[in-house]
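Below is one structure, written out as structure tokens; comments come after it.
The values are calculated or read from the model by the stated rules, or taken from the named source; none is laboratory data. Note that the structure is predicted; figures quoted are calculated from it, not measured. Note: ideal-geometry Cβ built from the backbone for every residue, glycine included; neighbour counts use all protein chains shown.
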Amino acid sequence: MEAATSTKVPKILILATLSGGYAGANYVGQQHLHYATNTSILPVRCPSMFSEDFYINAFEKGIDGIIVMYSGTDSPYKGGPERTAQIIDSTYKQMQDCGLDTRRLRLAAICTVCKKPFLKQVKEMNETLDKIGFVQDELAGKRDE
């Protein structure tokens, strides 16, 4: 019996708005298109309900990359896109303070039928994570300094 080989892959969390990113992900599935299996999609009403601490905690718990897929200014929630952008910008500053590469967090405008942009975002995040490595390694390196 051969020993099972396991290759560690980065973990990507997608926060997908119901009015945009999640519908886009659903459309990708309906079209039977494939994307990396290392993604977890969390449907949300509006990403502005997640504080900066949510993102930092997710990285500390081993999420290597986060894509916030928002429908942009087409959002049904007044002030949601602007507030989300402020939170992401503030999170970038906290990430820098923690020694985390800010490329681990991305805000993307994805509409209900945006299959190509959805697939592109997942592919690009995986390519970025291939270059910068796992978040736990990055955090361990900062702790050792």
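Report yes if I110 is touching a Pro at 6+ places or on another chain (Cβ under 6 Å) and surrounded by 19 or more Cβ atoms within 10 Å (Cβ to Cβ), otherwise no. Can you show your working first?
Numbers: touching a Pro at 6+ places or on another chain (Cβ under 6 Å): yes; surrounded by 19 or more Cβ atoms within 10 Å (Cβ to Cβ): yes.
Answer is yes for this residue.
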### Task
Could you please let me know if T128 is within 17 Å of the chain's Cα centre (by Cα) and either of a type in the set (G, A, S) or surrounded by fewer than 18 Cβ atoms within 10 Å (Cβ to Cβ) (or both)?
yes
### Query
Restricting attention to region 51-95, and to residues there that are modelled with pLDDT of 95 or more and assigned to a loop (DSSP other than H, G, I, E, B), which single residue is surrounded by the most Cβ atoms within 10 Å (Cβ to Cβ)?
D64
### Of all residues in region 93-129 being without any contact (Cβ under 8 Å) to a residue 24 or more places away in the chain and charged (D, E, K, R), the one that is farthest from A25 (Cα to Cα)
D97
### Summary
Selection over region 96-131 where residues are part of a helix (DSSP H, G or I), of a type outside the set (A, V, I, L, M, F, W, C) and in contact with a helix residue (DSSP H, G or I) (Cβ under 6 Å, 6 or more places away or on another chain) yields a count of 4
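At pLDDT below 85, of a type in the set (F, W, Y) and part of a loop (DSSP other than H, G, I, E, B): does that describe Y27? Can you show your working first?
Working: at pLDDT below 85: yes; of a type in the set (F, W, Y): yes; part of a loop (DSSP other than H, G, I, E, B): no.
Spelling it out, it is not the case that Y27 is at pLDDT below 85, of a type in the set (F, W, Y) and part of a loop (DSSP other than H, G, I, E, B).
Condition check: at pLDDT 90 or above and farther than 16 Å from Y70 by Cα. Does K142 satisfy that?
Numbers: at pLDDT 90 or above: no; farther than 16 Å from Y70 by Cα: yes.
No.
Considering each residue of region 96-122, count those that are among the basic types (K, R) and modelled with pLDDT under 95, and give that number. Show your work before the answer.
Initially, region 96-122 is screened for residues among the basic types (K, R), giving 103-104, 106, 115-116, 120.
Checking the rest, the ones that are also modelled with pLDDT under 95 come to 115-116, 120.
Count: 3.
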### Task
Scan region 13-50 for residues that are buried (at least 19 other Cβ atoms within 10 Å of the Cβ), more than 15 Å from the chain's Cα centre (by Cα) and among the hydroxyl-bearing types (S, T, Y) and report the count.
1
